[in-house]
Amino acid sequence: MYVIPEARGLGLARRILAALEADARAAGRTRMVLETGTAQPEAIALYTSSGYAPCAKFGHYREYENSRCYAKSLV
């Protein structure tokens, strides 16, 4: 997800995340896993304030020291 600087502070990222979660639920998914980096503290704050918790790194993200992964149950 990315919100251009001019549109930040309007709650768009939170609305985008909620829409992605709703789509995942509608598709029968029970868990969301997201990745970001340590250089994106705003993303980390959004994820944690939205109920995501740190989880094990996955895929090629395992190789990156600055990568952070977060998961949330959708049930």
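The values are calculated or read from the model by the stated rules, or taken from the named source; none is laboratory data. Model, not experiment: these values are computed from the prediction. Quick reminder, even Gly has a Cβ in these numbers, built from the backbone with ideal geometry, and neighbours come from all protein chains shown. SASA here: full protein model, heavy atoms, side chains in, ligands and nucleic acids out. Shrake-Rupley method; radii C 1.70, N 1.55, O 1.52, S 1.80 Å.
For the reader, a short list of remarks on this structure follows.
- If the condition is being of a type outside the set (A, V, I, L, M, F, W, C), assigned to a strand (DSSP E or B), touching a helix residue (DSSP H, G or I) at 6+ places or on another chain (Cβ under 7 Å) and open to solvent by less than 80 Å² (accessible area, probe 1.4 Å), then the range 39-75 contributes S67, Y70.
- Filtered by the rule that a residue be under 11 Å from the mean Cα position of the chain (by Cα) and farther than 12 Å from C69 by Cβ, the range 41-58 gives E42, A45, L46, T48, S49, S50, G51.
- Count of residues meeting criterion [farther than 16 Å from A71 by Cα, part of a helix (DSSP H, G or I) and not small (G, A, S)] in the range 1-20: 5
- Matching residues, the range 21-38, being open to solvent by less than 80 Å² (accessible area, probe 1.4 Å) and either part of a helix (DSSP H, G or I) or at pLDDT below 95 (or both): E21, A22, A24
- A search for C-beta distances below 6 Å between a residue of the range 1-18 that is open to solvent by less than 70 Å² (accessible area, probe 1.4 Å) and any residue that is assigned to a loop (DSSP other than H, G, I, E, B) and β-branched (V, I, T), counting only pairs 6+ apart in sequence or on different chains, returns L12/V3; A13/V3.
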